Amino acid sequence: MVRKAYTRRGFIKQTGLLSVSPLLFNCSKSNFEDQLNTGRVPSMPAAAHTGGSGQYHEAPMLAEQVAKGLLPPVEQRLPINPFVRVVETIGKYGGTLYDQTESKGGRFFLDGALVAGPQETDNGGKIIRPHLCDRIDVHEDFTEFIFHIREGLRWSDGVELTADDVIWWWEHEQNHRDLYPEGPRTTWKVGEHYARFDKIDQWTFKISFPVPFRPCLNISAHEWMAFGSYFAQPAHYMKQFHIDFNPHADELARHFGYEKWHQLYKIYEEYMRPHCGKPHVGPWIRTASESSFDIYTRNPYYPEVDQEGNQLPYIDQVFVPVIEDRKLRDARAATGAVSQASTEITQIYIYKKNTQMAHYHLKNWQLANSSECMFAFNLNHKDLTKREIYNDVRFRQAMSLSINRKRINDVIYFGRAVECQATLNPDASFFNREWLRHCAEYDPVKANRLLDDMGLAWDANHQYRLQPDGKKLTTVVIFNQQTFPVELLEFVRQDWQDVGMETILKETDFRFRMERCQSGEHDCTCWNADMVEEIAAYLPWVSKWNPQQMLFYALDWWYWYYTGGKSGEEPPEEWKQQFNRMAAWYQTRTDADYRRLGHEVWDFFSRKLVCIGTVGYAPNPVIVKNGLQNVPDSIKMGYGTVWAKSYMVQTYFWDEPQKHL
């Protein structure tokens, strides 16, 4: 048996990734080639493997607790080998970060920073390195992965986080039928077999597969997956909610308003924004929770230090009020009520006007999506006439060619986005530049010709085209509230109507949209093209191009494949081949096969044009309160770059902490 220690250089070699390429950012031109070669990627701080002199320092609020005997000394709270985060500027302790959220327990701008996993990725989505683990040994054929947890790693309540917590999570959570009736998440399923988790010793566990499974490394590093719900659970805490360990778990659930134990357990399973009292390993933990706000306070056992041995984070707490009204949230951001916030590009003049009065400045960050809005038609439509139309690739080509991307870019994004097709990030090692340009030009003449060739004739008034059954060609596009600039959708609606398709925009909330799409009762829907970085795109079956994800363009075909024909609808042969190709891609042994199959998978998606893009890599100016330090000047924002996890928020600090309590 041959194993190799997993390192940054080793990962680059095994996936065929190249060195970090220039960032598509901060450019005055919309020509993609020009943008690709002008920006720069902020480097990822290097990680050391020792604590320097061995002398560690802590925040005053923690030192006070140590003095009172409420906490052990910092040296006893850190792992033997803590993660060393090399920061640009050594920070000052203290102060509060102010954020906001639209709903109780909902997402907020900085929440990705609360997550810590076995490994982590850089902001470019190209590099993986150990984080809570200090080493990963990988079998040469990618069937075994041995994770070495940093010895002495602890949950936020001081209890050691060991291999037992990983095994408990796998055996008593992921494999419990009340919690997961269909078995563990598909992340861990390869063919007909699930992964196997074994404890080697207190600080070491092994994940093994019956066949090669390269994405295991990506899964262990990416916030989107984080080993399903997390790579471990604090067993000593979660047992109180579990019927196998607490015979009164159902009674406890009813006390909280649930009928069964597993319903309450699922609530406390949350790993990103864990409930008050639940031990965690991120830099801040929730310590106060009211109907109108949450407070996250520094984790005294957080296993990171800076290069001078100062335990991170620098900032004491994060305050997150619930502000349901979006206009009010925008107003609070524009008047300096938050420490850092994403802006609406369409309101940039207001934000710029307020910088002096509200004591903030703007940093020119960039969205990581290869398309800010991409559209997908329902290829499994219940209306057979529409199904036939949507399945004709000429129709999808026509819809793409009819979109005036330059107008979208100039009017909404001030010419600073990239007019391209929705596809992978160009940094991918197997990328084909033709994917960017495929049917992405504005050519309504060609679009009309394609529709004519399909036999979709105009009505007598030359206003709309007619379907083969004589009905008006009409498509309803359902979209989630607050996901895209409404101007973008309106421009696409106009473009599609200009070539004869009546287009109706239907705004819904997230829940209704999901119900409608998952039942197959939709014509067309849209989402942004995220998770396009090579590391994120290799997470198994989560790409937005996969038909069971957010665009739901061929859900019945996916069900047929996933259940081995027991449900769903048998797909055309070319789609069977594509599903098999994707499965084979996840199981490659060699770099050459990884690149070859990766290219074939994404070339198919490009040629079939199942996802139609608009513009991507758009600017996203970010408000930063004056005095907040170690905030990157430029960065890419999105799920593929793990949002705030890659901003290194734990290294932020206030130049005058006492002014931000």
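So for each of 64-72, 545-553, 574-582 I average, over its residues, the number of other beta carbons within 10 Å; can you give me the resulting order with the highest mean first? Display every interim value, and only then the final one.
Details: 64-72: 12.1, 545-553: 22.2, 574-582: 15.9.
Top to bottom by mean Cβ count within 10 Å: 545-553, 574-582, 64-72.
Can you give the helix-only mean residue ellipticity at 222 nm for the chain, where every DSSP H stretch with n ≥ 4 adds -39500 (n - 2.57) and the sum goes over all residues, rounded to the nearest 500 deg cm²/dmol?
-7000 deg cm²/dmol
Determine the distance separating the Cα centre of the range 504-543 from the Cα centre of the range 427-469; give it in Å without decimals.
Taking the Cα centre of each part, the range 504-543 and the range 427-469 sit 22 Å apart.
Nearest 5 percent is fine: what portion of the DSSP beta bridges confined to the range 374-616 is antiparallel?
Here the share of antiparallel DSSP bridges comes out near 50 percent.
By counting other Cβ atoms within 10 Å of each Cβ, how are ILE267, ILE243 ranked from fewest to most?
Result, fewest neighbours first: ILE267, ILE243.
Would you mind putting 326-337, 523-534 in packing order, based on average other-beta-carbon counts within 10 Å, highest first? Write down the numbers at each step before the final one.
Values: 326-337: 16.4, 523-534: 25.2.
Most protected by this proxy first, the peptides run 523-534, 326-337.
Just order 344-355, 606-617 by mean Cβ neighbour count inside 10 Å, highest at the front, would you?
Answer by packing, highest mean first, reads 606-617, 344-355.
Could you tell me how far the Cα centroid of the range 256-314 sits from the Cα centroid of the range 141-185, in Å?
So the two Cα centres are separated by 18 Å.
Counting residues in the range 374-616 as N, plug N into 2.2 N^0.38 Å and put the Cα Rg over that result.
1.00
Rounded to the nearest 20 Debye, what is the dipole magnitude of the chain about its Cα centre when Lys and Arg each give +1 and Asp and Glu each give -1 at the C-beta?
Roughly 740 debye for the chain.
When CYS439, CYS276 are ordered from fewest to most other Cβ atoms inside 10 Å of their Cβ, what list results?
Fewest-to-most ranking of CYS439, CYS276: CYS276, CYS439.
By count of other Cβ within 10 Å, fewest leading, how are ASP198, ASP165 ordered?
Fewest-to-most ranking of ASP198, ASP165: ASP198, ASP165.
Among DSSP bridges having both ends in the chain, what percentage is antiparallel? Round to the nearest 5.
Close to 75 percent.
Take the alpha carbon atoms of the range 601-621, find their center, do the same for the range 55-129, and report the distance between the two centers in whole angstrom.
Going from one Cα centre to the other spans 36 Å.
Each value in this text was obtained by applying a stated rule to the coordinates, not by laboratory testing. Remember, predicted model here, so these are calculated numbers, not experimental data. Cβ: placed from backbone, ideal geometry, glycine included. Neighbour counts: every protein chain shown.
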